[in-house]
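What follows is a short report on a single structure.
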Amino acid sequence: MAGMRIFRPERIPGLSRIPKELLRRERFCERCGRETEHIVYRVPKRVLFLYVKEHAESLQESCAACARSAVIKGRDREEILSELESRGRSPER
């Protein structure tokens, strides 16, 4: 029972639209002008009455210092997804 979670927001339809944090990493922030911690998260997209987790702009990151956010695309996106898979964490969870 210790590993069992009581509150599962992914099972509640109204909470499925909340972005889910995937990882944190150090990156250069253009606004801050220095290396800062960035939070990488998945943002569901609303399609009619459903929220789709897997779409082109689903991965985003925000600077922890200045709160600037950006969509992760291309090579960076593929690197993050492969890093999550190698850690054994599915990006869908």
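The values are calculated or read from the model by the stated rules, or taken from the named source; none is laboratory data. On a predicted model such as this, the values are computed, not experimentally measured, just so you know. For neighbour counting, all protein chains shown are included, and Cβ atoms are generated from backbone atoms with ideal geometry for every residue, glycine included.
Can you tell me which residue is nearest to L22 (Cα to Cα) among those in segment 52-93 that are surrounded by 15 or more Cβ atoms within 10 Å (Cβ to Cβ) and at pLDDT below 75? So, considering only residues that are surrounded by 15 or more Cβ atoms within 10 Å (Cβ to Cβ) and at pLDDT below 75, the one nearest to L22 (Cα to Cα) is P91. Assess whether R31 counts as being at pLDDT 70 or above and assigned to a strand (DSSP E or B). Against the criterion (at pLDDT 70 or above and assigned to a strand (DSSP E or B)), R31 does not qualify.
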